[in-house]
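Following: one structure in structure tokens, then a few remarks.
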Amino acid sequence: MLHDATRNKPMAASGAVLLRSLSVGAALCISGGMATAQEATPQVEETVVIKAKGLKDSEKAKERLKNVAGTASVVNNAEVERGRAQNAEDVLAYQAGVFAAATSGTGANKISIRGSGLNSFYQGYSLGIKYLFDGLPITGPGGTQEDFLTLTGVDYTEILNGANAFAYSALSLGGAINFVTHTGRSAPGNTISVEAGSFGYRKYQASTGGVSASGDTDYYLQYSHNERDGFQRNTPNSGEEYIFNLGHKFNDRLETRLVIRHRGEELRNGSTLTLAQLEADPRNSTSTASARRKKGTTLVTSKTTLTLDDKSKFELGFAYNDYPLDNGWIYSDQPGIWRSKDFSTSLRYLRTGDTLFGKPSDTTVSFSDTRLLDGDVTGYNQVNGVYTSERQYTKYSGSRDTVLSVSNALHLSDLFTLSSGLSLVEIGRNVRIERTTLPASPLPFPREVEYTDRSLAPRLGFLYQAAPDLQLFGNVSRSIDPPVTWQMASTGVSYVRPLKPQKANTAEIGLRGSSENHDGSVTFYRSYVSDELLSSIASPAVGTTPALIANTNGSKTIHQGIEAALTSKLWRNTSGDRLSYRQAYTLNDFYYRNDPRYGKNELPSLPRHVYQGELLLQQAGGFYSGVNVRAMSGYYVDYANTLKAPTAVIWGAKFGYEEPGKKWKAYLDFRNIGDKHYAAAANTVDNARGLDSPNFYPGDGFSVYSGVTYRF
């Protein structure tokens, strides 16, 4: 047992320091991978302990997340890079409660946590989760475009399921995913890497980082280029990304960091297939394929931290996100040009070491505001690649999401912490069709909707250290998911649908434990959802005319499930060779409560059962080999529950070498060894009437990838 010398409180240890337990409401406020004053012990104590252990930033993050009263995890990207690490499916694998699937292996990913945005159309956007870089949001009133979900230049990734992301002002049902960028301290020196593989996959990266002679300034620069011909025919994609990261410490109390990311890309997504087509020829792609082009997305973030005294800290952050989108510039006779510019402000005041009712108490006050400075979409008619006339112009500027939160962690005893939090959420939506050539709709919807919705989102939780290596936790919370602007109107119809925010009350309970050979957690949760934001295809794509998507607030639904993860050390010899097995299981049980049309039908679009496992042998000399599996149960693709995606079991294997001095490494990654024909993801329709229809995205067939990285 370790002890807090100041308060004489026991702390658990299992290979690394386990900080005194706090719940998410007041325990976690991470800024670019740096610890905050809101953690369990005063910052000066924590610094001494962590330095003594020599933990990396990702390991420190894992220790902090042990203070979260719910499901939360950290992915060290260096571990992912033992194989192909191209998209979110690669990085978010083996994470309990998370479903991530790349559609035909491109950057278009379907990502869902606890059923968030479960049937969103993900060729360009991800819904229901708040995404951040270094603690600052890239998610705005228009949602999250996917071009930065390549995980380029990322040191580690934090996944906080549901309300466990409270400290990031993330109040979505799905929670938050925070990507922490490499700095000159985490990735010093020069690195080059080359990857290649099946279906024309190529990726080249070069980076340099370092720290000034004084130790006050660090820098990190990276360039990345990726290409892929595509699994489906005629579905190439390519992209280039630049990263600049500069940090400076003025003195012991004041430090700041500036990060600039810029990416351009072109993606041509394969068309959806019928089950018959999927089985016969999954590489088939019809004329209804879609495409998007990003001429240049730019994200600029700045965060400054001022330590006021030993007990308090102030953080000020800004983020500017400019993400234009040229959607359907080929294939479609109705393309659209989207323009979006967000500006975010983040303020946090963190205070620790106070007393409340005679008990140790830590408090945080935070403010987050993300507003759409300039946002619109212009739909055109197109003939032979030439824009002939404007169809519709829709404006979104002025929409915003604002959150003011107060949270507290009250340490009632050495082993028990009670957390509480309250957020005031203000959602502003301003959606207006300013010009249109489309015929008037018979539906009773206006051409303009402007509203402000104010809600309270409370949270109450506990964390109990039942044994040195066993924690029990639980919480109840409220989530708020506002509709993104384009769900209300874009270019397909001549009206604005006045969608309401989705709200849910969630309870979760679970435990996490560790021992010399095992480290795992299991969580049970249940969410009562009102006005769930659902979407389906109102009319399918025909020729070059895109599908018409209908977005609605559904009737009351239930989201419940199990999130379980376990990593086990199976064997180790005296030479340091070791065999380990990691696995994750997710139960997705989502259904209507009593819908007048669908009764208690299951909600479509996500597998009910998902299991992932990897057996890995690592030799002390640096060689490693492993075998992995991903199993998904079948699931409905329509609300009427008449058509299912088939079950799938996908096997893989990888081999590699990491020089003990980490100067160079190489890998060989085999995917879908059995060449299984399966659906990686699917569209959602109202009622398929049991008939096979083109709603399935094929997963990659058998493929091989290899890569070499050299550091100097």
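The values are calculated or read from the model by the stated rules, or taken from the named source; none is laboratory data. The model shown is predicted, which means the values in this text are computed figures rather than measured ones. Backbone-built Cβ (ideal geometry, glycine too); neighbour counts: all protein chains shown. The protein model used for the area step is the full one, side chains on, heavy atoms only, and it has no ligands, DNA or RNA in it. Shrake-Rupley method; radii C 1.70, N 1.55, O 1.52, S 1.80 Å.
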Label-point gap, in nm, between E659 and D577 - each point 7 angstrom along Cα→Cβ: 2.4
Enter the accessible area of R351 (Å², nearest 10), with the probe set to 1.4 Å and all protein chains included. 70
I'd like the FRET efficiency for D281 and V708, computed as 1/(1 + (r/R0)^6) with the beta carbon distance as r and R0 of 35 Å, rounded to 0.05. 0.55
What does the charge count near D309 come to, summing +1 for each Lys or Arg and -1 for each Asp or Glu among other residues with Cβ under 10 Å from its Cβ? +3
Which of the lysines could a cross-linker span from K313 if the Cα-Cα distance has to be under 20 Å and same-chain partners fewer than 8 positions apart are dropped? K60, K249, K303
On the accessible surface of the chain, probed at 1.4 Å, how many percent belong to carbon and sulfur atoms? 57
Estimated [θ] at 222 nm from DSSP helical runs (n ≥ 4, -39500 (n - 2.57)) normalised by residues in the chain, nearest 500: -1500 deg cm²/dmol
Under a no-solvent Debye model with one identical scatterer per Cα of the chain, what's log10 I(q)/I(0) at q = 0.05, 0.08, 0.10 Å⁻¹? -0.22, -0.59, -0.97
Over the alpha carbons of region 414-555, what is the largest minus smallest coordinate on each principal axis, giving the biggest first in Å? 68, 37, 22
Using a 7 Å offset from the Cα along the Cα-to-Cβ direction at both L258 and V386, what is the distance between the two label points in nm, to one decimal? 4.6
I want the local charge near A88. Using Cβ-Cβ distances under 12 Å, sum +1 for each Lys or Arg and -1 for each Asp or Glu among the other residues. -3
Rounded to the nearest 0.05, what FRET efficiency is calculated for A206 and L404 with R0 set to 60 Å and r the Cβ-Cβ distance? 0.90
For the chain, with every protein chain kept in place, what is the accessible area per residue (1.4 Å probe, Å²)? 37
Only Cα pairs under 8 Å and at least 6 apart count here; give the relative contact order of region 361-433 as a rounded whole percent. 35
Partner aspartates and glutamates for K359 [C-alpha distance under 14 Å; skip if fewer than 8 residues away on the same chain]: D414
Under a cut-off of 16 Å between alpha-carbon atoms, report the lysines in cross-link reach of K500, not counting same-chain residues fewer than 8 places apart. K556
Calculate, for Y223 and D374, the FRET efficiency according to 1/(1 + (r/R0)^6) with r their C-beta to C-beta distance and R0 25 Å; round to the nearest 0.05. 0.30
Ranked from the most accessible area to the least, with a 1.4 Å probe and all protein chains present, what is the order of E532, E255? E255, E532
PRE zone check, label point 7 Å out along Cα-to-Cβ of L511, amide N under 13 Å, scope region 457-471, hits 464-471
